[in-house]
Amino acid sequence: MFLNFFFTIVYILGVYYLIQYRMSIKKAVDLSKEALFPKTEEEFRGIFIPTEYREMEPLSKSTRSYKFVKWGTVVAIVVLLGLLIVILTTDFLGSSFFSMAYLFFVIISAIRHRGNLFILPKGIILQGRYFTYSRVKEYEVERIVRWHDLYGMNDRMNFGYKLAIKVKGFFPLVNFVVVEKEEHLEQIIHLLETGGVQGKRIAEPSQHTTPNITTKP
């Protein structure tokens, strides 16, 4: 009885998350047209998204990523409903509790859009979600030099900059992109600070002193 109740709650929360995520992506697509950065093809090509480490793409309803979220959400909800019905109407669960729980979370987390970062007049779009500047806690910059975790992932990322952005919330979000050129990084930082977001730069290994973290004035 308890397990049935548990999976019912997981299903409801999962469906809520999937619908909210799909709505967030749709809103991000509309708002991205107001972006102050990136705007040009060169600026898009100079930003690499995490996990795939490929050049960032414009947000559009015609892209494969958007269509995947749009239709993947429907498929995921149907599949989750099917699993829930199996769990509630049969004894299939038995000793497979953890496998079923894992499967639920895998399906829910699989519906993801490609990463992105847009700087807007009143906020940012980070990984498909819009946040006002009041919700952006800070930024953090690291140079990708030898021994850095990202060094060697992509030749164009070497000696670029890891830009992490922290967003306030019940579950604080920390996400990052890689900016290839310093001039683009400075544009982004200028826009963030104009919006009231402050941050810091972590010193390169060869520059480490005590303390080893410098704060941008």
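No lab work stands behind these numbers, since they all come straight from the coordinates. No experiment lies behind these values; they were computed from the predicted model shown. All Cβ positions, even for glycine, are placed from backbone atoms using ideal geometry, and neighbour counts span all protein chains on display.
Can you compute the equivalent ellipsoid semi-axes for segment 23-75, i.e. the square root of 5 times each eigenvalue of the Cα gyration tensor, sorted largest first and rounded to whole Å?
Working: eigenvalues 89, 43, 13 Å².
Equivalent ellipsoid semi-axes, largest first: 21, 15, 8 Å.
The 3J(HN,Hα) values that the Karplus relation (6.51, -1.76, 1.60; θ = phi - 60°) gives for segment 190-203 are, in residue order, 4, 5, 5, 6, 4, x, x, 9, 9, x, 8, 10, 8, 5 Hz. Gly and Pro appear as x.
Residues whose amide H falls under 5 Å from that of residue 144, counting only those 5 or more places apart or on a different chain, are 159, 160, 161, 162, with hydrogens built in the peptide plane.
Could you give each residue of segment 78-83 its phi-based ³J(HN,Hα) in whole Hz, using Karplus coefficients 6.51, -1.76, 1.60 with θ = phi - 60°, and x for Gly or Pro? The phi angles translate into 5, 5, 4, 4, x, 5 Hz. Relative contact order of the chain: 20 percent, from C-alpha pairs under 8 Å at least 6 residues apart in sequence. Stokes-Einstein, applied to the Kirkwood radius of segment 18-138 over Cα pairs at a viscosity of 1.002 mPa s and 20 °C, places its translational diffusion at 132 µm² s⁻¹.
Exactly which GluC sites (Glu not before Pro) in segment 1-67 are in a DSSP loop and have at most 13 other Cβ atoms within 10 Å?
On the way: sites: 34, 41, 42, 43, 52, 55; in loops: 52.
Answer by residue number: 52.
Across all directions, the average projected area of the convex hull around the alpha carbons of the chain is 14.6 nm².
Report the extension gain between residue 62 and residue 45 in nm, rounded to one decimal, defined as 0.36 nm multiplied by the number of residues separating them, less their alpha carbon distance.
Working: separation 17, 0.36 × 17 = 6.12 nm, distance 1.88 nm.
Contour length minus Cα-Cα distance gives 4.2 nm.
Only helical runs count toward this figure. For the chain, summing -39,500 (n - 2.57) over DSSP H runs of n ≥ 4 and dividing by all residues gives -13500 deg cm²/dmol at 222 nm.
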